[in-house]
1. Checking the structure you have, find out if any residue of the range 4-26 is closer than 21 Å to V121 by Cα, of a type in the set (V, I, T), open to solvent by 20 Å² or more (accessible area, probe 1.4 Å) and in a helix (DSSP H, G or I).
2. Open to solvent by 70 Å² or more (accessible area, probe 1.4 Å), on the phi > 0 side of the Ramachandran plot and not small (G, A, S): is that true of K150 in this structure?
3. Taking the range 38-75 only, how many residues are more than 15 Å from A169 (Cβ to Cβ), assigned to a helix (DSSP H, G or I) and among the aliphatic types (A, V, I, L, M)?
4. Write out, first by first residue and then by second, each pair whose Cβ atoms fall under 8 Å of each other, whose residues are 6+ apart or on separate chains, and whose first residue, in the range 6-30, is among the β-branched types (V, I, T) while the second is in a helix (DSSP H, G or I) and surrounded by fewer than 16 Cβ atoms within 10 Å (Cβ to Cβ).
5. Can you confirm whether the range 66-76 contains a residue that is under 18 Å from V143 (Cα atoms), in contact with a strand residue (DSSP E or B) (Cβ under 9 Å, 6 or more places away or on another chain), among the small types (G, A, S) and open to solvent by 10 Å² or more (accessible area, probe 1.4 Å)?
6. Which of the residues that make up the range 36-45 are over 10 Å from L92 (Cβ atoms) and modelled with pLDDT under 95?
7. If I ask for residues that are open to solvent by 60 Å² or more (accessible area, probe 1.4 Å) and among the small types (G, A, S), which ones from the range 92-115 would you list?
Amino acid sequence: MKSSNTVLIALFAALIVVLSLIPPIPLPAIPVPVTLQTLGAMLAGAMLGPVRGALACLLYLALAAVGLPVLPGGRGGLGAFFGPTGGFLVGLVVGAFVTGWLARSLAGRAAGGWAKFAGYVVACVVGGIAVVYACGVPWLAAVTKMGLSKAALAVAVFLPGDLAKAVLAAWVASRVERVWPMLGR
């Protein structure tokens with residue numbers, strides 16, 4: 001791996017750490033708080049592509065697994081992966097990969113302007129929301145024993161905020177790409 005790739009992966013892992021340090025907002029009746037981790041995964045996938053974006057998220061999770069307090073609320077350690085949010089954490093890696101793959105396919109081939117922005121939005125929504133939820137909701141249901149449909153309904157409260165994060169990540173990625181095209185590499 002080239003040193004520039006290593007630096008980008010580490011940089012985006014650090015970005016996810018910084019976004020995770022913003023205090024989580026707890027919600028009543030659900031053990032999953034509102035955080036900015038998914039924004040970091042969307043940005044990593046959209047700006048770095050599938051492999052580097054997923055590796056940035058994997059590095060972030062490795063830092064958490066060894067016990068560094070990089071998760072929201074200053075948590076860290078393997079225990080976080082076995083709690084209600086464990087599936088969402090693993091979903092960040094898969095979501096960043098899918099976001100990067102779709103961004104390369106949709107936004108990377110778009111002529112420009114609104115078509116490119118729309119490609120990034122679709123990539124962030126599918127990878128950063130649908131895929132992360134597909135990993136997190138079944139895990140949440142299993143850990144809390146609340147049933148799959150009840151868990152899906154419980155996380156529906158996150159959808160408006162996650163849609164806003166997807167639009168923000170798409171806007172940032174499309175603006176940065178104008179001056180520094182990382183996705184094509």
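The values are calculated or read from the model by the stated rules, or taken from the named source; none is laboratory data. Since the structure is predicted, the reported quantities are computational estimates derived from the model, not experimental observations. Cβ coordinates were reconstructed from backbone atoms using ideal geometry, including for glycine residues, and neighbour counts include every protein chain displayed. The area values use the complete protein model at the heavy-atom level, side chains included, leaving out ligands, DNA and RNA. Shrake-Rupley method; radii C 1.70, N 1.55, O 1.52, S 1.80 Å.
1. Quick first cut of the range 4-26, residues closer than 21 Å to V121 by Cα only: 12, 15-16, 19.
Among the residues that remain, those that are also of a type in the set (V, I, T) are: 16.
Next cut, open to solvent by 20 Å² or more (accessible area, probe 1.4 Å) only: none.
Looking for residues that are closer than 21 Å to V121 by Cα, of a type in the set (V, I, T), open to solvent by 20 Å² or more (accessible area, probe 1.4 Å) and in a helix (DSSP H, G or I), one finds none in the range 4-26, hence no.
2. Working: open to solvent by 70 Å² or more (accessible area, probe 1.4 Å): yes; on the phi > 0 side of the Ramachandran plot: no; not small (G, A, S): yes.
So K150 does not fit the description; no.
3. 10
4. Correct list of pairs: I30/V157.
5. Within the range 66-76, the first condition is being under 18 Å from V143 (Cα atoms), and the residues that meet it are none.
Among the residues of the range 66-76, not one is under 18 Å from V143 (Cα atoms), in contact with a strand residue (DSSP E or B) (Cβ under 9 Å, 6 or more places away or on another chain), among the small types (G, A, S) and open to solvent by 10 Å² or more (accessible area, probe 1.4 Å), which makes the answer no.
6. Narrowing the range 36-45 to residues over 10 Å from L92 (Cβ atoms): 36, 39, 43.
Matches in the range 36-45: L36 only.
7. Of the range 92-115, the ones open to solvent by 60 Å² or more (accessible area, probe 1.4 Å) are 94, 97, 101, 104, 106, 109, 111, 114.
The one that is open to solvent by 60 Å² or more (accessible area, probe 1.4 Å) and among the small types (G, A, S): A111.
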